[in-house]
Amino acid sequence: MSLLLPPLALYVHVPWCIRKCPYCDFNSHQAGDHIPEAEYVRALKFDLEQDYSLAQGRKLTSIFFGGGTPSMLSAEAIGQIIRDARDIIGFEDDIEITLEANPGTFEQEKFEGFRRAGVNRLSIGIQSFNDHQLQKLGRVHGREEAINAVSVARSAGFDNINLDLMHGLPDQTLADAMADIDQAIALAPEHLSWYQLTIEPNTAFYSAPPPLPEEDILVDIQDAGFARLAEQGYAQYEVSAYARNKKHARHNVNYWQFGDYLGIGAGAHGKITQLNQHRIFRLWKTRLPQHYLAAMTSQKISTNLQGHQNVFGGGSDLLLPENLPLELMMNALRLNEGVRMSAYVERTGLSWDSLAPSWQVLMEKGLADNDADIIRPTELGRRFLNRALEVFMED
Ligand SMILES: C[S@@+](CC[C@H](N)C(=O)[O-])C[C@H]1O[C@@H](n2cnc3c(N)ncnc32)[C@H](O)[C@@H]1O
Ligand code: SF4
């Protein structure tokens, strides 16, 4: 079986926030008085230049500015990073460029600049429209700012907006959660990411857990939220992603379809198929912002285990053929529409026969659709994703 090169995306990590939220385990750090913006933009360019060879001639289908809080950077900085990416790697004609923004007033003033800089999709981190909840979550914005952020984004020319909402919040009732969903729907975003709050190790909530809703309330919230979203035209297409008119997040769909991506910035991860070596590997950059910036100054070359050189290198990991079925399924089974079996073969370099016995087990358990061409979970399979994945761990 021969590998084919999948589409290529770019993830850009911006590791600073105004302050650290108590539930968040992302690589985000409270910014002091000053973000070293110019140095960081220069470092990102250098990082991308060193990863250039990994593109293997492909142009970018999407860019995602994630964080941290990318909207803390100026529109000029975002514009410069976009120009650098275009000059170094190149863009497909219909490239999707998403930026995560916090809904604070300070950020909203920059929305127009972000749009002019080339960002064509804005992802606004709302979390909740309830002021008490926002306070408990340690957010720096309130309900009014959250609502206002969407109209400011529309006036700035954004016609593709995602809202991040969380549920299962401390002391949240079904009515509270539905009020959040209804308010989000009233703002008519194209896309909604609706995450259940998880308590992650190394967070303030882990050390001092807040009182969370009971399991039966969580199930009620899931069911009622799903039904309301569906009734209002927001179709679920991934575990936590809902969209109207099929405005799926192209960047994330590429991850779930086992596409390739470059990752630049502190702690950013990439996944690359190397055709000439017939292998797939992950690589990541050094995690702490101060180390990332110091690497630029020291210019000490680091060579990862796959032989790739990048002064910001943090590590790398070869995806062994025996682990590829699980790797692919962990992503593909998140998607309601699934992934073509031919894409599985092209993107892992494995034959379908090697997977057929596990696939048979999945169908017998009612966890996957019996379709000859598509790897797709049933509703049961989506609900019990871990149970479905266990089948591939048993191999
Ligand atoms: C990188 S974060 C944030 C972007 C932006 N800094 C913000 O907070 O608005 C992406 C999203 O992940 C979700 N998230 C973060 N931590 C979470 C957790 N512990 N449980 C569930 N969702 C979480 C939030 O909805 C958040 O908006
Ligand atoms: S949730 Fe967003 S704003 Fe809060 S610390 Fe994490 S990345 Fe920063």
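The values are calculated or read from the model by the stated rules, or taken from the named source; none is laboratory data. Just so you know, these numbers come straight off a predicted model, no measurement behind them. Note: ideal-geometry Cβ built from the backbone for every residue, glycine included; neighbour counts use all protein chains shown.
Under 9 Å by Cβ, and 6 or more places apart or on different chains, what pairs join a residue from region 357-368 that is without any contact (Cβ under 8 Å) to a residue 40 or more places away in the chain with one that is part of a strand (DSSP E or B) and crowded, with 19+ Cβ neighbours inside 10 Å? Here the result reads TRP359/ALA368; TRP359/ILE375; LEU362/ALA368; LEU362/PRO377; LEU367/PRO377; ALA368/ILE375; ALA368/PRO377, each pair linking region 357-368 to a residue that is part of a strand (DSSP E or B) and crowded, with 19+ Cβ neighbours inside 10 Å. Return only the number of the condition from (1) surrounded by 13 or more Cβ atoms within 10 Å (Cβ to Cβ); (2) on the phi < 0 side of the Ramachandran plot; (3) within 16 Å of ligand 2 (Cβ to nearest atom) that PRO213 does not satisfy. Condition (3) is where PRO213 drops out. Cβ-Cβ distances below 6 Å connect the following pairs, each with a first residue in region 159-170 that is touching a residue at least 24 places away in the same chain (Cβ under 8 Å), a second residue that is crowded, with 18+ Cβ neighbours inside 10 Å and part of a loop (DSSP other than H, G, I, E, B), and a separation of six or more residues or different chains: ASN160/GLU190; ILE161/PRO189; ILE161/GLU190; LEU163/PRO189; MET166/LEU197; GLY168/LEU197; GLY168/PRO213; LEU169/LEU197. Note on region 229-251: residues that are within 24 Å of TYR11 (Cα to Cα), out of contact with any strand residue (DSSP E or B) (no Cβ under 7 Å at 6 or more places or on another chain) and either buried (at least 21 other Cβ atoms within 10 Å of the Cβ) or not charged (D, E, K, R) (or both) total 1. Residues considered: PHE158, PHE129. Of these, the only one that is at pLDDT 95 or above, away from ligand 1 (no atom under 15 Å from the Cβ) and surrounded by 21 or more Cβ atoms within 10 Å (Cβ to Cβ) is PHE158. Can you tell me which residue is farthest from ARG279 (Cα to Cα) among those in region 290-331 that are at pLDDT 90 or above and of a type in the set (Ser, Thr, Tyr)? The extreme case among them is TYR292. Which residues, taken from region 274-312, are free of Cβ contacts under 8 Å to residues at least 40 places away in the same chain and not in a loop (DSSP other than H, G, I, E, B)? Correct list: PHE281, ARG282, LEU283, TRP284, GLN290, HIS291, ALA294, THR297, SER298, THR303. Note on region 120-158: residues that are in contact (Cβ under 8 Å) with a residue 24 or more places away in the chain and in a loop (DSSP other than H, G, I, E, B) amount to 12. When LEU99 is tested against the conditions (1) away from ligand 2 (no atom under 16 Å from the Cβ); (2) under 22 Å from the mean Cα position of the chain (by Cα), the lone failure is (1). Within region 102-141, being within 16 Å of ligand 2 (Cβ to nearest atom) and on the phi > 0 side of the Ramachandran plot holds for GLN127, GLY138.
Given the residues ALA241, ALA208, which is the only one that is aliphatic (A, V, I, L, M) and more than 23 Å from the chain's Cα centre (by Cα)?
Details: ALA241 fails: more than 23 Å from the chain's Cα centre (by Cα).
Just a single option satisfies the conditions, and that option is ALA208.
Mind listing whichever residues of region 258-280 are surrounded by fewer than 20 Cβ atoms within 10 Å (Cβ to Cβ) and at pLDDT 95 or above? Matches in region 258-280: HIS269 only.
Any residue in region 73-93 that is buried (at least 19 other Cβ atoms within 10 Å of the Cβ) and within 16 Å of ligand 2 (Cβ to nearest atom)? Scanning region 73-93 turns up at least one residue that is buried (at least 19 other Cβ atoms within 10 Å of the Cβ) and within 16 Å of ligand 2 (Cβ to nearest atom).
Taken over region 180-219, the residue count meeting the criterion of being under 16 Å from VAL150 (Cβ atoms) and of a type in the set (S, T, N, Q) is 2.
From the list LEU326, LEU350, exactly one residue is touching a Phe, Trp or Tyr at 6+ places or on another chain (Cβ under 9 Å) and under 17 Å from TYR255 (Cβ atoms). Which is it?
Every option except LEU326 fails the conditions.
Any residue in region 224-247 that is free of Cβ contacts under 8 Å to residues at least 24 places away in the same chain and within 27 Å of GLN135 (Cα to Cα)? Within region 224-247, one or more residues are free of Cβ contacts under 8 Å to residues at least 24 places away in the same chain and within 27 Å of GLN135 (Cα to Cα). In the condition set (1) within 21 Å of GLU100 (Cβ to Cβ); (2) aliphatic (A, V, I, L, M); (3) surrounded by 18 or more Cβ atoms within 10 Å (Cβ to Cβ), ALA177 is compliant with all but (1). For region 337-391, taking the residues that are polar (S, T, N, Q) and crowded, with 16+ Cβ neighbours inside 10 Å, the one that is nearest to ASN276 (Cα to Cα) is identified as THR348.
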